[in-house]
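Peer 1: Got a structure here, written out as C-alpha cells. Questions coming.
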Amino acid sequence: MRWAWQTRRAAWSVPVLFLLAVVTRGSAQTLTETESRAAAATQPTTQPEAEPTTQSAPGPGETPPPPPPKYLDLRYDEDYSYLDGPPGSYQPDLFDPIKWIHLNEDTTLSIGGEVRGRLEAETNTTYGSREPAQDTVFLHRYLLHADLKYRKLARVFVQGIAAFIEDRDLPPRAVDEDRWDVHQLFGDLRFLGEDIPLTVRFGRQELSYGRERVISPLDWANVRRTFDGVKVMYTSEPFDLDFFYVRPVPIDLNEGLNRKPNQYREEGHFYGAYSKWRPFRDHYLENYFLAYRDTGDIVSPNRKAGDLTYYTIGGRAGGKWNQFDYDGELAGQWGQWAGDTIQAWMGGVDGGWTAKVPWSPRFGGGFDFGTGDEDPFDNVVQTSNQLFPLGHAYLGYLDLFGRQNILATNLNLTFKPHEKVTTRLAWYTFWNDEVRDAIYNVAGVPGRRDVNGFAGHDLGNELDLTINVALDRHTSLLFGYSHFWCGNFIQETGPDQDPDFIYFQYMFKF
C-alpha cells in the first residue's frame, strides 16, 4: 500500500496540520462541543448579552458568562456583535481580536478561516472493475474569509480557497482540488432600511436549505459547492422566505486546475423559492418550489440526448418532542427531458429516541428513496433528479448511490462515551426502485444497468462507523470506517468485490 504522505507535498502538509493541532489545543481558552455539520442551521447564531460581570471566576450563586457561539457550516451566518458588550458579558476567545473590528462607529470587519486535512484509503469503490482497486490520498484545504458590514444596511463577504489532493492514482475528481480561487464573493443590501428584514444578495455564494437533501454546500467534498446569482431573503422570528436565481459553478477539469476564477455553467439555470415556518417551539414546516434547466444535451434514462427541465415542489416537517425527534420530506418532480415527460418522486424520513442515561444513546431509523425509470424505451422519464444534495448523510459514507432509482433503509445508534466524543453506527440496506433503470452514484452519474431486469432489486448492505472528537471550540477530529456487502444486482452485473473506506480528518476553525 502506498500512503499519501510519502509524496513531497503531503510530507509538509501533515507536519503542518499536526503542529496546528498541538498549538491550538494548548492555546484555546474554551472547551465547547463543535456543532455537527449535518445539523448546522441556516439561521445566524447571535450571542445574547448577559448582565455585566467581572472577569474573575464567578462566585457562589453567580452565573458565568455564556460561551462564544459555535462556528456554523455557513460562515457568513455567524454574528459577532456580542463583542460590543461590556467585559465580563461573554467568555473571551483567542481570536476575538480579529472579530467585529470597528473600522468606524458604523462599519465592522470580521475575519475567519479553516484548515482541514483528511487522509482517505478506498478499496474496490467500483466493485473491482477498475485498476488500481486501492487508492490512498491526502486531501487538504484552506479557507480564509472577510466579512465587512455597514450596520444592517450593506455588507460584502469574500472567501478564498486553496484545496489540494496528493497522490491520487485513480482519475481526478472535480470536488477534490481548486487551487487559490475566489470561493465566495457577494454583497448584501437592505434597500428598504435596516429595520425591515428584507435583504438582496448578489454574487458568488453557497446555498443550504433544510436537512440538505436537495440543496447543500457539500462540506464533505474538499471543494464546497457554490453558485453565481441573486437571492432575496425575508427573515423573521416565525417565518423565513427566500427567492433565488443562480447558476452552478463547477470545476471543469478539461480546462486545467490552474484556471482562475471558476466560471458558472452557462447551460445551467437553477431558481426557486424556499420558505420556513416555525408554528411552535422546536417544530418547523418548510415548503419549496425549485426549477433546474440545462441546455447541455444530457443523455436521459431513456437514452435520448437533449435539454432537460426539472420542476420540483416539496415540503418538509420536523422537530423534537421530549426525547423524540423526527424529520420527513417529500417532493414531486415534473418537466421535459429531450422531448420526454418527467414524472418522478423523492423523499426521506428519519426519527429517533434519546435515552436519559449515561452516554445519551440515541436509537434511530430512516428511509430514503428516489424513483427510477420503469421502461427505458417509452416517452416518460421517471428517474428523480437529486439536484444539489448532501448524499452520504442519508445514503452512506461510501457514496456508492445517489437519490435516484434507490430505496434505502437505515438503523443507527449514536452515543457519547465522553462529553467531547460522539460515536455513530449505521446499518444501511439498499435496493433499486426499478430493475431496468441504472444505479446512480453520489454525483447522479449512471452506472451499471440491466435493461432486461433479470438482476433484481437487491444492491447490498453498508456499515458505517464514525467517531467525532470535539477537542475544543476550534478543533475537531473525525475517524470513520465503512464496508459494503454486494447484493444480487451487483453480483449479476459485473465484478462484485466488496468496497471499503477508511479515513481520518483534522479540522481547525477560527
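Residue-by-condition table, conditions (1) at pLDDT 95 or above; (2) in contact with an Asp or Glu (Cβ under 6 Å, 6 or more places away or on another chain); (3) not aliphatic (A, V, I, L, M):
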| residue | (1), (2), (3) |
| --- | --- |
| Phe191 | no, no, yes |
| Val214 | yes, no, no |
| Met233 | yes, yes, no |
| Glu237 | no, no, yes |
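Peer 1: Restricting to segment 268-300, and then to whatever is over 27 Å from Gln336 (Cβ atoms) and of a type in the set (Lys, Arg), can you tell me which residue is surrounded by the fewest Cβ atoms within 10 Å (Cβ to Cβ)?
Peer 2: Arg281
Peer 1: Being out of contact with any Leu (no Cβ under 8 Å at 6 or more places or on another chain), surrounded by fewer than 15 Cβ atoms within 10 Å (Cβ to Cβ), of a type in the set (Phe, Trp, Tyr) and within 25 Å of Leu390 (Cβ to Cβ) narrows it down to one residue among Trp353, Trp359; which is it? Write out each step before concluding.
Peer 2: Values: Trp359 fails: within 25 Å of Leu390 (Cβ to Cβ).
Just one listed residue meets the conditions, Trp353.
Peer 1: Also, quick follow-up: Does segment 161-180 contain any residue that is on the phi > 0 side of the Ramachandran plot, over 20 Å from the mean Cα position of the chain (by Cα) and at pLDDT below 95?
Peer 2: Of segment 161-180, the ones on the phi > 0 side of the Ramachandran plot are 167, 180.
Filter again for over 20 Å from the mean Cα position of the chain (by Cα), leaving 167, 180.
Restricting the remaining residues to those that are at pLDDT below 95 gives 167, 180.
Among the residues of segment 161-180, at least one is on the phi > 0 side of the Ramachandran plot, over 20 Å from the mean Cα position of the chain (by Cα) and at pLDDT below 95, which makes the answer yes.
Peer 1: Residue by residue through segment 203-228, note down the ones that are over 24 Å from Glu286 (Cβ atoms) and in a strand (DSSP E or B).
Peer 2: Answer for segment 203-228, where residues must be over 24 Å from Glu286 (Cβ atoms) and in a strand (DSSP E or B): Gly203, Arg204, Asp228.
Peer 1: So, one more: Search segment 458-495 for residues being without any contact (Cβ under 8 Å) to a residue 40 or more places away in the chain and outside any strand (DSSP E or B), and hand back the single one that is nearest to Trp427 (Cα to Cα).
Peer 2: Among them, the one singled out is Asn488.
Peer 1: Do we have any residue at all in segment 405-420 that's free of Cβ contacts under 8 Å to residues at least 24 places away in the same chain and outside any loop (DSSP other than H, G, I, E, B)? Spell out how you get there, then give the answer.
Peer 2: Taking segment 405-420 as the starting set, the residues that turn out to be free of Cβ contacts under 8 Å to residues at least 24 places away in the same chain are 418.
Right, trim to outside any loop (DSSP other than H, G, I, E, B) and you get 418.
Yes, segment 405-420 has at least one match.
Peer 1: Which one of these is closer than 23 Å to Glu177 by Cβ and free of Cβ contacts under 8 Å to residues at least 60 places away in the same chain: Val230, Val249, Val223, Val200?
Peer 2: On the way: Val230 fails: closer than 23 Å to Glu177 by Cβ; Val223 fails: free of Cβ contacts under 8 Å to residues at least 60 places away in the same chain; Val200 fails: closer than 23 Å to Glu177 by Cβ.
Result of the check over Val230, Val249, Val223, Val200: Val249.
Peer 1: Which ones in segment 231-254 are farther than 30 Å from Arg281 by Cβ, among the β-branched types (Val, Ile, Thr) and out of contact with any Lys or Arg (no Cβ under 7 Å at 6 or more places or on another chain)?
Peer 2: Taking segment 231-254 as the starting set, the residues that turn out to be farther than 30 Å from Arg281 by Cβ are 245-254.
From what is left, the residues that are among the β-branched types (Val, Ile, Thr) are 246, 249, 251.
Of everything in segment 231-254, those that are farther than 30 Å from Arg281 by Cβ, among the β-branched types (Val, Ile, Thr) and out of contact with any Lys or Arg (no Cβ under 7 Å at 6 or more places or on another chain) turn out to be Val246, Ile251.
Peer 1: Need the failing condition index for Gly348 against (1) surrounded by 19 or more Cβ atoms within 10 Å (Cβ to Cβ); (2) touching a Phe, Trp or Tyr at 6+ places or on another chain (Cβ under 7 Å); (3) not in a strand (DSSP E or B), just the number.
Peer 2: (3)
Peer 1: Starting from residues that are in contact with a Lys or Arg (Cβ under 6 Å, 6 or more places away or on another chain) and of a type in the set (Ser, Thr, Tyr), keep the ones in segment 79-123 and report whichever is farthest from Ala154 (Cα to Cα).
Peer 2: Ranking the qualifying residues of segment 79-123, first place goes to Tyr80.
Peer 1: A further question on this structure: Right, Glu194: at negative phi, charged (D, E, K, R) and in contact with a helix residue (DSSP H, G or I) (Cβ under 7 Å, 6 or more places away or on another chain) or not?
Peer 2: Details: at negative phi: yes; charged (D, E, K, R): yes; in contact with a helix residue (DSSP H, G or I) (Cβ under 7 Å, 6 or more places away or on another chain): no.
So Glu194 does not fit the description; no.
Peer 1: When Asn452 is evaluated against the numbered criteria (1) modelled with pLDDT of 95 or more; (2) outside any strand (DSSP E or B), which criterion, by number, is the only one it fails?
Peer 2: All conditions are met except number (1).
The values are calculated or read from the model by the stated rules, or taken from the named source; none is laboratory data. Here the structure is a predicted model, which means the values were calculated and not measured. No Cβ is skipped: glycine too gets one built from the backbone with ideal geometry, and neighbour counts run over all protein chains shown.
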